[in-house]
1. Can you pull out every residue in the range 291-314 that is at pLDDT 95 or above, open to solvent by 10 Å² or more (accessible area, probe 1.4 Å) and over 30 Å from Gln111 (Cβ atoms)?
2. Met220: assigned to a helix (DSSP H, G or I) and under 26 Å from Trp405 (Cα atoms), yes or no?
3. Taking the conditions exactly as written (at pLDDT 95 or above, open to solvent by 10 Å² or more (accessible area, probe 1.4 Å) and among the acidic types (Asp, Glu)), does Asp187 satisfy them or not?
4. Within the range 394-423, how many residues are in contact with a Phe, Trp or Tyr (Cβ under 7 Å, 6 or more places away or on another chain), in a helix (DSSP H, G or I) and crowded, with 18+ Cβ neighbours inside 10 Å?
5. Test Leu255 against the criterion of being in contact with a His (Cβ under 7 Å, 6 or more places away or on another chain) and either farther than 18 Å from Phe382 by Cβ or surrounded by fewer than 23 Cβ atoms within 10 Å (Cβ to Cβ) (or both), and give yes or no.
6. I'd like to check which helices (runs of 4 or more DSSP H) are fully inside the range 111-179 and have at least 2 residues that are open to solvent by 10 Å² or more (accessible area, probe 1.4 Å) and basic (Lys, Arg).
7. When the range 26-64 is examined, which residues are found to be modelled with pLDDT of 90 or more and of a type in the set (Val, Ile, Thr)?
8. Which one of Phe382, Phe392 is farther than 30 Å from Phe58 by Cα, hydrophobic (A, V, I, L, M, F, W, C) and in contact with a Gly (Cβ under 7 Å, 6 or more places away or on another chain)?
Amino acid sequence: MTLPRMRRLAVGAAATTLFLTGCAGGTTGSTDGGGGKPAAISQADIDKAMKTPTELTFWTWLPDIDKEVALFHKKYPAISVKVVNAGNSQAEYTKLRTALKAGSGAPDVVQIEYQHIPGFTITGSLLNLRPYGAEALKDRFVDWAWGQVSGKNGEVWAIPQDTGPMGMLYRKDIFDKHGIQPPKTWDEFAAAARKLHAADPSVYLTNFPTNHNSIWTGLMWQAGLKPFQLKSADQISVDVAGETSKKLASYWSGLVKEGVLSTDADFSNQWFQALNKGRYATWLTAAWGPLFLSTSAKDTRGKWRVAPLPQWTAGEQKSGNWGGSTSAVVKTTKNPIAAAMFAQFLNTDPESARMLTTLQFLYPPTKALLSDPGFVEQKSDFYGGQQVNEVFANISATVPADFTWLPFMDQINNDWNETVGKSLADKTDTAAALDKWQQTITAYGEKQGFKVAR
């Protein structure tokens with residue numbers, strides 16, 4: 001199951017829930033021929049375009065987005081927006097690439113996850129939104145989210161829509177029963193894992209899934225790694241098997257080999273049943289996780305709490321991100337001004353941005369919502385009255401801003417499943433699996449025509 005599908009399941013399951021929750025960026029090189037600093041579109045041209053009858057097509061997988069679109073139409077009645085559900089993430093991306101190759105059928109505006117932006121910018125498929133005033137929006141977003149949509153030459157490839165800063169959901173009742181405090185460091189986490197499983201072999205402190213690398217990537221992000229960097233249009237760097245990565249491998253594979261962590265495939269029937277039965281005492285997840293859990297593990301209502309991720313160094317506060325998407329403008333649009341204004345409005349208009357949290361249950365990237373008492377002070381009965389949104393708002397401020405992606409993340413993720421993920425599941429040498437992952441990414445990158453450095 002892909003990351004975006006996990007998040008969408010949470011949205012669909014929570015259609016009647018009021019609790020609010022909720023990787024690209026930093027791509028390099030200008031592919032719009034403007035050197036990253038093309039001339040700004042004049043306000044007169046913008047005003048004229050927004051009064052000219054125009055129809056835009058918007059591809060998105062979000063339900064009920066018509067309500068936010070209606071707000072845009074109210075402000076700009078000359079502009080109509082046709083909303084199309086083109087499929088969930090990968091299905092949408094495949095259709096988009098097909099349309100771009102055919103030279104027809106592409107939308108004006110499209111929802112794209114952070115980690116897939118480089119795959120479209122490197123082919124020159126996205127419009128640089130900087131000339132359309134997007135740069136002025138930078139201070140409205142948390143730094144790291146803005147970094148995910150920005151190029152090193154000042155390009156703005158998309159507007160952030162939601163994020164997934166990572167934290168730890170934990171079973172307070174299980175912790176209390178066994179005298180365990182929420183671990184503040186990974187050393188404490190390991191000690192708690194051993195203590196809990198020794199006291200009750202039917203319970204694991206957490207489940208470390210081996211069917212996808214989303215958690216692994218988030219933990220690399222937290223650890224300060226920069227495993228994927230797009231240096232230029234033909235040069236990349238890959239470093240997934242260095243000293244810090246080997247430290248992660250030793251830590252997690254060690255606990256798995258000890259038998260104190262499970263490695264079930266998450267988002268499977270077995271995983272859902274285990275959550276409800278108390279087989280896992282924590283879930284390392286993103287800001288969209290609390291809502292997902294509240295609808296998929298209803299039998300555990302009131303038993304969960306939220307805390308930041310444990311840290312590698314006591315006293316530090318760092319996290320990673322898992323999930324999130326953007327609104328990008330396809331470069332082939334015949335109405336670039338209207339499309340750019342729509343992408344900006346959808347995610348920055350105060351009412352529209354708030355509706356994305358209340359209707360689609362996305363975790364916000366804007367500073368305004370992350371500091372809004374109406375959002376952060378909301379209490380959740382499922383989490384014992386805890387202000388969960390506030391916890392994740394504080395966590396969001398600790399995500400490093402320099403994590404970037406490569407243009408072929410799908411292949412990288414698949415290769416992780418066959419190397420590192422398999423080694424964890426089979427309890428074999430994960431350090432050697434990291435080396436293999438490094439080799440496979442390098443070989444694939446070179447096959448695609450990139451010069452690969454480490």
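The values are calculated or read from the model by the stated rules, or taken from the named source; none is laboratory data. Only a predicted model underlies this, so the values are computations on that prediction, with no experimental measurement involved. All Cβ positions, even for glycine, are placed from backbone atoms using ideal geometry, and neighbour counts span all protein chains on display. All accessible areas refer to the heavy atoms of the entire protein, side chains included, with ligands and DNA or RNA removed. Shrake-Rupley method; radii C 1.70, N 1.55, O 1.52, S 1.80 Å.
1. Arg301, Gly302, Lys303, Arg305, Ala307, Trp312, Thr313, Ala314
2. yes
3. Values: at pLDDT 95 or above: yes; open to solvent by 10 Å² or more (accessible area, probe 1.4 Å): yes; among the acidic types (Asp, Glu): yes.
It is true that Asp187 is at pLDDT 95 or above, open to solvent by 10 Å² or more (accessible area, probe 1.4 Å) and among the acidic types (Asp, Glu).
4. Initially, the range 394-423 is screened for residues in contact with a Phe, Trp or Tyr (Cβ under 7 Å, 6 or more places away or on another chain), giving 399-401, 403-406, 408, 411, 415-416, 419-420.
Then drop every residue that is not in a helix (DSSP H, G or I), which leaves 411, 415-416, 419-420.
Still in the running and crowded, with 18+ Cβ neighbours inside 10 Å: 415-416, 419-420.
Adding up the residues that qualify gives 4.
5. Details: in contact with a His (Cβ under 7 Å, 6 or more places away or on another chain): no; either farther than 18 Å from Phe382 by Cβ or surrounded by fewer than 23 Cβ atoms within 10 Å (Cβ to Cβ) (or both): yes.
No: the conditions fail for Leu255.
6. On the way: elements: 117-121, 143-148, 172-177.
It comes to 172-177.
7. Passing the criteria: Ile41, Ile46, Thr52, Thr54, Thr57, Thr60.
8. Working: Phe392 fails: farther than 30 Å from Phe58 by Cα.
When all the criteria are applied, what remains is Phe382.
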